[in-house]
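In what follows, a structure is listed as structure tokens, so that the remarks can point back to it.
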Ligand code: IDP
Ligand code: MG
């Protein structure tokens, strides 16, 4: 499971027509999409996803934001996926995030930062089953995988 991460294009990412842009970055990097669904996440499930932030001043607003409009939920797979996706997302607050990252290029907000990505293998292992059953995650080979992970040594 540590080769997989949960990525959510949050309501602002969908409403701002950035889903294609965000997916495209992961596709071009060479990651494998293994699951996807487009749903309006319930407030209860939003609270579960963000349980580590319970009690913080932004927690209630965060649960309302995530459940306010549809999101695109995906599981992406690659060796080292967590570190790579976290770097591609950029720092949490859009106005802090480096240009070249998703948040750095498209968000100037604190809370509305377009995309969620699991922050560790342990988080991914907890988060993915909140949204996907094992039978919804597809096992297949990418035809170009020999070119993605080619080594000269
Ligand atoms: P992350 O998404 O980069 O992992 P976390 O610290 O886990 O960042 O916070 C979860 C989400 O909560 C953020 O993506 C953002 O939407 C929201 N958030 C975090 N800190 C604040 C804050 O200080 N004000 C408003 N929203 C926040
Ligand atoms: Mg987090």
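Throughout, read-outs are computed from the coordinates displayed, never taken from laboratory work. Nothing here was measured: the structure is a model prediction, and the numbers come from that model. Here the Cβ positions follow ideal geometry from the backbone for every residue, glycine too, while neighbour counts run over all protein chains shown.
Here residue 48 and residue 147 are evaluated by their C-beta separation; at R0 = 41 Å the FRET efficiency comes out at 0.60.
Under the simplified labelling scheme, the residue 91-residue 79 pair shows an inter-label distance of 3.2 nm, with each label point 7 Å from Cα along Cα→Cβ. Cβ-to-Cβ counts within 10 Å put 146, 108 in ascending order as 146, 108, the fewest first. Based on C-alpha pairs under 8 angstrom that are at least 6 apart in sequence, the chain has a relative contact order of 34 percent. In a fully extended conformation the segment linking residue 64 and residue 37 would gain 7.7 nm over its present Cα-Cα distance, using 0.36 nm per residue. The range 116-136 and the range 27-89 have Cα centres spaced 9 Å apart. Return the tail of the calculated pair distribution for the chain, meaning the percent of Cα-Cα pairs more than 20 Å apart. So the portion of pairs separated by more than 20 Å is 49 percent. Of 127, 27, the sequence from fewest to most neighbouring Cβ atoms within 10 angstrom is 27, 127. Its convex hull of Cα atoms gives the range 64-153 a direction-averaged projected area, equal to a quarter of the hull surface, of 8.1 nm². If you build a Gaussian network model of the chain, linking Cα atoms that sit under 10 Å apart, which residue out of 133, 117, 30 swings the most? The residue that fluctuates most here is 133.
If neighbour count is taken as other Cβ atoms inside 10 Å, put 16, 103, 47 in order from fewest to most.
Starting with the residue having the fewest Cβ neighbours, the order is 16, 47, 103.
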